[in-house]
Amino acid sequence: MAVWMDRQTAGSVQMGGEGVDWMGTAPFTVTPHIFQNLGDGTYFHSGHLAIRQSVAAGVNITYKLLFNDAVAMTGGQPIDGQVTVPQIVKLALAEGVKKVAIVAEDISRYAARGELPAGVTAYPRDDLDAVQRELRDIEGVTVLIYDQVCATELRRRRKRDKSLQPTARAVINDLVCEGCGDCQTQSNCLAVVPIETSLGRKRAIDQSACNTDLSCLKGFCPSFVTLEGATPAKRPVPATRDFDFDAAVTALAPPVPTKNHSSPSDILLVGIGGTGVVTAAGLIAQAARLDGNGVRTLNFTGFAQKGGEVLSHVRFCSDETALHQARIAQGEADLVLVADIVAGVSEKVLTVFSPERTRCIANLHESQTGPMLRNPDIRIGSNRLIDLLTSRSQRIDMIDAGQLAEALVGDREQANILLLGFSWQLGALPLTLLSIQQALDGLGRYASIARVAFQWGRLAAAIPAQIHDLLGQSTGSRAK
């Protein structure tokens, strides 16, 4: 991943072979030392053998071992087996590693312990560069353990009340912000997003995506404000208080589904990691089962933990024997729900489109991309992406689900649920309303807000003009 991020990173090797390529290269180069990244999951299943081999080869290398408590690259699973930082330290030293250092977000957890061998020190993460320089000058194999829970996984745990909520949050005063993008450069964080204002492009913090590590404060900028004890407000805009929501929902006419259950319904959801794409796909699958269908699902999360794309294939049919595989074949999608338009135009997604068959429903919200962190002036060019989706679709409907979720529900994280409601009201999801409601009930403490978001999505599809007047701004919904 670092190779893709313009960090002057060289070399690529399979998991478990970290550093092996350097053993063959070191005798034939003037470079005296390299750093090698290694994850805790990889270390546990085979990476420690690469460290052992580096010691045997006598090369100068520092292994930067990320102890993040999750298999982050493939979806946040727990690592296979239990291993602790003190155990890793002791094993590394026993196998001949010259020095081990720990850099942690919270070094207090080591202060009261006697588990670390003598000479092993835990440093705050701000000392990372200094520690790396020290280890670089030591001849032989050294190990730097970076102890910090995966930020995306930590955010999930906080949502589930499995980790403590932070006490401080950062916000940006856009009247002071000059849009230089240094906060993005310093933090490398996708939660620092560009916003367009009458005074040009500025920056804001997407609180729903924020990992609250406050790394964005490292930039020298007077526009940042830190709030202690604050939580993101989740309430609709005042304009909706005078809107009879219940009456409007009751008056909605049921849609006419565009497809029945006698043949497989092939639905692809695509978006970016951490936004609830897999959750939305799970709701569709659960509702389909409640309607008595056989269901097949397949999720590609891949680099989702790093803000990468997520693809969820959902296939269901009343005749389960008709479902020969979970993956939607080329040109066979009945519906593609595009939760992010950048991810929606990837080749893996476009292959399932058919101009004669595929209906596309797209969220117009422009999500932050990796290159935008390194070049603050990049524009996505969403019109070209929309034109591409339009050319591949039998019909396309578009809505700014993120904007509507924030304005109507008070929570941008409900954008995909609102998109489901929008799609269902248009007849694109051949599911009963009762089954969807029962599936939403399975979301636990998020069920009530999800039900509201789903109904707002229905309203946005059925009465877009009234929603436009209600908010006094464009809803961004249109069809082609």
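The values are calculated or read from the model by the stated rules, or taken from the named source; none is laboratory data. Here the structure is a predicted model, which is why all the values come from computation and not from measurement. Please note: Cβ atoms are built from the backbone with ideal geometry, for glycine as well, and neighbour counts cover all protein chains shown.
Things to note:
- Positions within the range 360-371 being at pLDDT below 90 and touching a strand residue (DSSP E or B) at 6+ places or on another chain (Cβ under 7 Å), in sequence order: Leu364, Ser367, Gln368
- Top-ranked residue of the range 429-449 - restricted to ones that are small (Gly, Ala, Ser) and modelled with pLDDT of 95 or more, ranked as surrounded by the fewest Cβ atoms within 10 Å (Cβ to Cβ): Ser435
- Hey, Gly229 modelled with pLDDT under 75, within 30 Å of the chain's Cα centre (by Cα) and of a type outside the set (D, E, K, R) or not: no
- Yes/no for Val59 being assigned to a loop (DSSP other than H, G, I, E, B) and modelled with pLDDT of 75 or more: yes
- Only one of Leu419, Leu388 that is in a helix (DSSP H, G or I), modelled with pLDDT of 95 or more and not basic (Lys, Arg): Leu419
- Restricting the first member to the range 38-62 and to residues that are within 15 Å of Leu93 (Cα to Cα), and the second to residues that are assigned to a helix (DSSP H, G or I) and not β-branched (Val, Ile, Thr), the beta-carbon pairs closer than 6 Å and six or more apart or on different chains are Ile61/Trp22; Ile61/Ser54; Thr62/Leu135.
- Listed here are the helices (runs of 4 or more DSSP H) enclosed by the range 265-358 that have at least 1 residues being of a type outside the set (A, V, I, L, M, F, W, C), in contact with a strand residue (DSSP E or B) (Cβ under 6 Å, 6 or more places away or on another chain) and surrounded by fewer than 21 Cβ atoms within 10 Å (Cβ to Cβ): 277-290.
- Residue in the range 103-142 that is nearest to Leu65 (Cα to Cα), counting only those that are at pLDDT below 95 and in a strand (DSSP E or B): Val103
- Among the residues making up the range 314-348, a single one is farther than 20 Å from Val278 by Cα and among the β-branched types (Val, Ile, Thr): Thr321.
- Filter result (in contact with a helix residue (DSSP H, G or I) (Cβ under 7 Å, 6 or more places away or on another chain) and either at pLDDT below 75 or among the aromatic types (Phe, Trp, Tyr) (or both)) within the range 75-102: Gly75, Gly76, Ile79, Asp80, Gly81
- Only a single criterion out of (1) more than 22 Å from Gly402 (Cβ to Cβ); (2) surrounded by fewer than 17 Cβ atoms within 10 Å (Cβ to Cβ) is not satisfied by Asp174, namely (1).
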